[in-house]
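Let me begin by presenting the structure, written as structure tokens, before commenting on it.
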Amino acid sequence: MAREKQPSVPAALRPTYEALVAITDAVCRAHLNDEYADLAREMTAALCRKRPSPVLRGQPKTWACGIVYAIGAKNFLFDRSQNPYIAAGDLCKLFGVGASTGSAKAAEIRKLLKIRPFDHAWTLPSRVEDNPLIWMLSVNGFLMDIRDAPRGAQEEALRRGLIPYIPADRPDHDG
């Protein structure tokens, strides 16, 4: 996979993590891409670090499906105009899980990890720059694109974890 560093996982949960990642990696390699595989590894590790870890109960294929489903929903995987695209039900079939089960497990994961629609957590790196919702913040009661704000405001938003980076600091920035 694209990342070499393994996410931090408690030693007792390492076998569970490896089993789940084997499933998510196989589906992501065959049907999605490395970005999905990387985020699935990170999400799996985050679930393994929860106390008590929810992944110790239930079937690994159901957790694996829920993980990729949750990431896919956050990144418009189920939108035909996007690439990659796969229908939600077809994604669940790849894991051998029913559509309602996959959807329910993804909803449970979103709740466990407090995944909100408008934050940048769990967004594919290739989608961050083009997702206007990531950059929209309420400033003094007004909704604005923080990329248009003074650098000091951007630095404060970054410090608070509201944005993933300061756009002008990226090597590929045009400005």
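Readers should treat all values here as calculations from the given coordinates under stated rules, not as data from a laboratory. If you're wondering where the values come from, they're calculated on a predicted model, not measured in any experiment. As a convention, Cβ positions derive from the backbone with ideal geometry for all residues, glycine included, and neighbour counts pool all protein chains shown.
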Restricting to Cα pairs under 8 Å and 6 or more apart, the percent relative contact order of the chain works out to 16
Dimensionless Rg/Rh of segment 129-169, both radii on Cα and Rh by Kirkwood, sits at 0.91
With label points set 7 Å from each Cα along the Cα-to-Cβ direction at Ala22 and Leu56, the distance between them in nm comes to 2.1
With +1 at each Lys and Arg Cβ and -1 at each Asp and Glu Cβ, the charge dipole magnitude of segment 78-175 around its Cα centre, to the nearest 20 debye, comes out at 540
For segment 1-76, the charge dipole (Cβ of Lys, Arg +1; Cβ of Asp, Glu -1; about the Cα centre) points to a positive end, and the Cα of Pro52, Leu39, Gly72 closest to that extreme belongs to Pro52
To the nearest 0.05, the calculated FRET efficiency linking Leu112 and Ala168 through their beta-carbon distance, R0 being 25 Å, is 0.10
With +1 on the Cβ of every Lys and Arg and -1 on the Cβ of every Asp and Glu, the dipole magnitude of segment 129-169 about its Cα centre, in debye rounded to the nearest 20, is 180
Treating only Lys and Arg (+1) and Asp and Glu (-1) as charged, each at its beta carbon, one finds that the chain has a dipole about its Cα centre, in Debye to the nearest 20, of 960
Lys and Arg at +1, Asp and Glu at -1: neighbours of Gly58 with Cβ under 14 Å from its Cβ sum to +3
Env charge @ Cys92, Cβ radius under 15 Å, K,R +1 / D,E -1, value +1
